[in-house]
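The values are calculated or read from the model by the stated rules, or taken from the named source; none is laboratory data. Being a predicted model, the structure only gives us computed values, none of them experimental. Using ideal geometry, Cβ is built from the backbone for each residue, glycine included, and neighbour counts are taken over all protein chains shown. Side chains included, ligands, DNA and RNA excluded: accessible areas come from the protein's heavy atoms. Shrake-Rupley method; radii C 1.70, N 1.55, O 1.52, S 1.80 Å.
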Amino acid sequence: MTLDQGLILDGLTITLGDRRLVALSLAIRGGEVATIMGASGSGKSTALAAITGTLPPEFRRTGRILLNSKDISDRPTRLRGVGLMFQDPVLFPHLSVGGNLAFALPAHVTGRSARRLRIDAALASAGLEGLADRDPATLSGGQKARVALLRTLLAEPKALLLDEPFSRLDADLRAQIRRFTFDRAKAAGISTLLVTHDVEDARAAGGPVLSPLGETLPL
Ligand code: ADP
Ligand code: MG
């Protein structure tokens, strides 16, 4: 598989004891959203853990993970350039909304006013203008989800992993946040891998849909 810009799982397999959980060969271009779909316990989060470099030692991995032509399979997590979003938006409760976003800004954005500008622009881009000084606990579910996504994107990841991030939202909000997330990832040219057990999520992603064992799933 060749792809200069994007995330490649090159014969990635993961086994736990004698049970094979993951067998994936997949290339996700920048701006594309691929989906791994499967029942609870089938190995979806395990596949993402291998990509972020947080696989527990009892799992055995073979194969390679390439991001923008570089083999990141054995790199420390913080050096992989991979962003991860979970089911529950994790915002630091002791920081303001702006403080949460500042935490993710890369070191190359220097100076207090430049950093503040980036944060205000990010909030405005998500329809959240003026919320920088708010306590995250006062935000609605949809606002929290958007702040969590902004925070992940401000770190300028090259790949974005989404571990059932929409499942706690009710139907209307779910469709809206899902659209927002995919649009932002596409606009930033980020390779995105969505994990879900929801067919609507997989359809909305618009890319290939595979089981953790690499079977192509019809929608
Ligand atoms: P999914 O995300 O698809 O629900 P997971 O990838 O979390 O599934 O889990 C896959 C399998 O690995 C499950 O059978 C689960 O019980 C097992 N598992 C997950 N984490 C560990 C661990 N740290 N140690 C041993 N087994 C684990
Ligand atoms: Mg899981």
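If I model a spin label as a point 7 Å beyond the Cα along the Cα-Cβ vector, how far apart are those points for Ala114 and Asn68 in nm?
With each label placed 7 Å out from Cα toward Cβ, I get 1.8 nm.
With the crude spin-label approximation of a point 7 Å out along Cα→Cβ, what separation in nm comes out for Glu200 versus Ser140?
Here the answer is 1.7 nm between the modelled labels.
Rg over Rh of the chain, using C-alpha atoms and the Kirkwood radius, what does it come to?
0.97
Taking all protein chains in place and a 1.4 Å probe, what share, in percent, of the accessible surface of the chain do carbon and sulfur account for?
Reported share for carbon and sulfur atoms: 53 percent.
With the cut-off at 1.5 for a/c, could you classify the stretch 107-183 from its C-alpha gyration tensor as rounded, prolate or oblate?
The shape class here is oblate.
Considering only the other residues whose Cβ falls under 10 Å of the Cβ of Leu67, what net charge follows from Lys and Arg at +1 and Asp and Glu at -1?
Residues near Leu67 contribute +3 overall.
Send over a whole-number figure in Å² for the accessible area per residue of the chain, probe 1.4 Å.
Result: 48 Å² per residue.
Using Cα atoms only, what is the angle between the long axis of helix 171-187 and the major principal axis of the chain, expressed in degrees (0 to 90) to the nearest 10?
80 degrees
Only Cα pairs within less than 10 Å get springs; with that Gaussian network setup on the chain, which residue of Arg118, Arg80, Arg146 has the largest fluctuation?
For the chain, modelled as a Gaussian network with Cα springs under 10 Å, the answer is Arg118.
I want the local charge near Asp120. Using Cβ-Cβ distances under 12 Å, sum +1 for each Lys or Arg and -1 for each Asp or Glu among the other residues.
+1
Using alpha carbon centroids, what distance separates the stretch 1-46 and the stretch 56-125, in Å?
When both Cα centres are located, 20 Å separates them.
Multiply the residue separation of Thr15 and Leu173 by 0.36 nm, subtract the distance between their alpha-carbon atoms, and state the gained length in nm to one decimal.
Roughly 53.3 nm would be gained on extension.
Could you give the size of the charge dipole of the chain about its Cα centre, using +1 on the Cβ of each K and R and -1 on the Cβ of each D and E, expressed in debye and rounded to the nearest 20?
520 debye
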